[in-house]
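Okay, structure first, notes after.
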Amino acid sequence: MELKGKTIIVTGASSGIGAAAAHLFAQEGAHVVLSARRAGQLDAVVESIGRQGGSAVRLAGDITDSSHAQALVDLAELKFGGLDGAFNNAGVVGELSPVAGMSEEAWRAVLDTNLTGAFFAARAQIPALQRRGGGALVFTASFVGYSNGGMQGMGAYAAAKAGLIGFTKSLAADHAAEAIRVTALLPGGTKTPMAGDDPDVQAAIAGLHPMKRMANPEEIAQVALFLLSERASFLTGSPVAADGGVSVRFA
């Protein structure tokens with residue numbers, strides 16, 4: 001029971017990595033506070049966790065709304081007495097286009113979700129962790145924008161995720177002495193709705209990885225569990241790649 005009695009926020013929890021993490025954290029004893037835009041799918045995750053004997057509440061909303069980030073923290077403190085950590089996982093790939101042909105709206109949508117949403121989350125969560133006497137934050141970044149992992153048509157996504165890694169390092173430096181750990185989790189290609197269901201596309205993504213396969217969401221969730229747990233007690237500020245070796249290929 002790696003997270004027994006702890007309260008953890010999970011964003012992007014209606015499907016994919018977020019839903020897998022929500023189930024895993026609950027199985028490991030956590031009270032999970034779940035967020036996503038799709039209320040119906042979020043309800044299904046909460047109900048599934050409840051049937052398995054876990055503890056979960058949900059609040060549907062958009063992470064680009066600063067009031068939603070604060071409301072999640074308020075819900076954690078109201079329902080469970082405090083906050084011990086968060087897996088800030090929600091994100092979007094956005095429009096795939098060379099920057100010269102990208103609209104301002106498309107650029108802003110990717111930056112607002114992947115980077116400004118992380119700022120709103122941290123700004124709301126860190127005071128709660130300070131009140132708790134410490135904790136851990138994990139942000140889902142990407143190998144794209146890191147370690148020479150450039151990909152065509154992904155300028156906005158790469159900028160946001162590279163910025164998120166820098167943001168993580170700065171947060172870690174600011175709060176390490178307060179027993180607050182902050183890390184960035186960099187998944188490789190993962191079998192989620194974001195990856196689509198075209199077998200040819202999935203085969204191409206798998207081929208980028210030295211392991212020659214994509215991850216299952218549960219595999220990425222296991223790494224998030226480690227980063228939130230006391231097993232990672234001396235780990236902060238690091239980008240942690242769980243990418244089937246793809247960052248080695250592009251290094």
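The values are calculated or read from the model by the stated rules, or taken from the named source; none is laboratory data. Because the structure is predicted, anything quoted here is derived from the model rather than measured. Backbone-built Cβ (ideal geometry, glycine too); neighbour counts: all protein chains shown.
Quick notes
- Hey, residue 78 assigned to a helix (DSSP H, G or I) and buried (at least 19 other Cβ atoms within 10 Å of the Cβ) or not: no
- Enumeration of residues in the stretch 84-105 that are small (Gly, Ala, Ser) and either crowded, with 16+ Cβ neighbours inside 10 Å or part of a strand (DSSP E or B) (or both): 85, 86, 90, 91, 94, 97
- The stretch 202-233 - residue that is assigned to a loop (DSSP other than H, G, I, E, B), touching a strand residue (DSSP E or B) at 6+ places or on another chain (Cβ under 8 Å) and under 12 Å from residue 191 (Cβ atoms) and, of those, modelled with the lowest pLDDT: 214
Yes or no, residue by residue, for (1) surrounded by fewer than 18 Cβ atoms within 10 Å (Cβ to Cβ); (2) out of contact with any Pro (no Cβ under 6 Å at 6 or more places or on another chain):
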{"position": "144", "(1), (2)": "no, yes"}
{"position": "156", "(1), (2)": "no, yes"}
{"position": "165", "(1), (2)": "no, no"}
{"position": "188", "(1), (2)": "no, yes"}
{"position": "194", "(1), (2)": "yes, yes"}
{"position": "202", "(1), (2)": "yes, yes"}
{"position": "210", "(1), (2)": "yes, yes"}
{"position": "217", "(1), (2)": "no, yes"}
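- Residues that are touching a Gly at 6+ places or on another chain (Cβ under 9 Å) and of a type in the set (D, E, K, R) were ranked within the stretch 167-186; the one that is surrounded by the fewest Cβ atoms within 10 Å (Cβ to Cβ) is 178.
- Scanning the stretch 132-141 for residues that are at positive phi and crowded, with 24+ Cβ neighbours inside 10 Å yields a single hit, 135.
- Test: residue in the stretch 191-206 that is within 15 Å of the chain's Cα centre (by Cα), of a type in the set (Ser, Thr, Tyr) and within 22 Å of residue 84 (Cα to Cα): no
- Taken over the stretch 1-41, residues that are within 17 Å of residue 65 (Cα to Cα), in contact (Cβ under 8 Å) with a residue 40 or more places away in the chain, assigned to a strand (DSSP E or B) and not β-branched (Val, Ile, Thr) amount to 2.
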